[in-house]
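Undergrad: After the structure tokens below, expect a handful of questions from me.
We did not get these values from a lab; they are worked out from the coordinates using the rules stated. Computed from a predicted structure; not experimentally measured. No Cβ is skipped: glycine too gets one built from the backbone with ideal geometry, and neighbour counts run over all protein chains shown.
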Amino acid sequence: MPNTFYRNLIKSACSEKTIMDRRSSGALLPRPFKRRDGTFDKSTWECFVSGPKDSPWEGGIFKDRPFRFDPPLMHPNVYSNGIINLSILNGYDVVNLNDILTCVQDMLAEPNLDIVANATMHHLYVKDREAYNNYVQKLKFTIPPSCQS
């Protein structure tokens with residue numbers, strides 16, 4: 001059963017407690033797309049993922065238009081066009097959006113070194129973690145005012 005498979009995969013990658021803690025802390029911010037006239041399009045979602053605590057991404061807010069960072073992030077598991085190379089996303093149609101965002105947030109802090117979407121960042125992460133962390137801290141940005149409710 002694919003549904004059970006992906007739920008178990010989510011649970012093994014991201015504990016339910018982690019998901020609940022992040023939901024309650026506001027670390028995951030999915031919301032319907034806001035049109036120019038101020039109304040919301042509930043068929044199109046924008047998501048913002050906060051940088052995980054105690055990681056070089058901490059303090060940043062990153063826009064994730066499932067499942068692509070916009071603008072693209074320089075990360076070992078993110079392609080230059082912003083698409084996330086994360087095996088858990090293969091089953092995104094059968095899991096909860098918050099669960100997926102939690103896994104994306106975990107990926108920021110702990111890249112899957114078996115998946116290389118950006119060879120330069122993978123090399124930097126493996127060979128010089130301090131330089132990687134310094135580079136990442138320069139990438140952080142906040143939610144633009146046009147996207148705030």
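Undergrad: For Ala119 and Asp54 in one chain, what is 0.36 nm times their gap in residues minus the Cα-Cα distance, to one decimal in nm?
TA: Numbers: separation 65, 0.36 × 65 = 23.40 nm, distance 2.41 nm.
Taking 0.36 nm per residue and subtracting the Cα distance, the gain is 21.0 nm.
Undergrad: Here is a follow-up. For Asp37 paired with Glu110, estimate the spin-label separation in nm (one decimal), with each label point 7 Å from Cα along the Cα-to-Cβ line.
TA: 4.7
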